[in-house]
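K.L.:
Below: one structure in structure tokens.
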């Protein structure tokens, strides 16, 4: 029997070799950020622009353009009409896992980010209970390296899936300025 190595097997072995050599150069970063959270779609009918905060753990290899990032996010929105009893301020907090693709660059690196996570939604009204819902996010950003510290600015579209009887889907776009250590 003549063994033939399949091209996919060769590609897999090549990736293992690249991952092993890059493994010695693994990098990580911790970060914080904040900015504006902009309601989109039906959410903008009852809520106005609020604030967001984020903590970041980023993992990657210096020779590879792909990385993994875990984010803890907090977004708060105020109601548009303070006299209306039908809308209340609310918050959307989440734990997200993301993939990042960074384009080559020297001082400034543009990147794409996309992922999924669990969002906790709570109306800011007495007796309201928080609810957990799955969601997706995608966006782009730019990171500027200055020595061991990098600053970044990014914007992402968040889609939080809720059943229609719970108010339906929530869409919002935070714009975040942050620092990575």
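Every number here is computed from the coordinates shown, using simple stated rules; none is lab data. Please read these numbers as outputs of a predicted model, since none were measured by experiment. Ideal geometry is used to build each Cβ from the backbone, glycine not excepted, and the neighbour counts take in all protein chains shown.
K.L.:
Going by C-beta contacts inside 10 Å, put 62, 44 in order with the fewest on the left.
P.N.:
Least crowded to most crowded, the residues run 62, 44.
K.L.:
Something else now. Report the label-to-label distance for residue 59 and residue 32 in nanometres (one decimal), using points 7 Å from each Cα along the Cα→Cβ vector.
P.N.:
2.4 nm
K.L.:
What is the distance, in nm, between label points placed 7 Å from the Cα along the Cα-to-Cβ direction at residue 49 and at residue 142?
P.N.:
So the two model labels end up 1.9 nm from each other.
K.L.:
Where does each of 128, 46, 155 land when they are ranked from fewest to most other beta-carbon atoms within 10 angstrom?
P.N.:
128, 155, 46
K.L.:
Among 162, 156, rank each residue by its count of other Cβ atoms within 10 Å, from fewest to most, as a rough exposure measure.
P.N.:
Sorted ascending by nearby Cβ count, the order is 162, 156.
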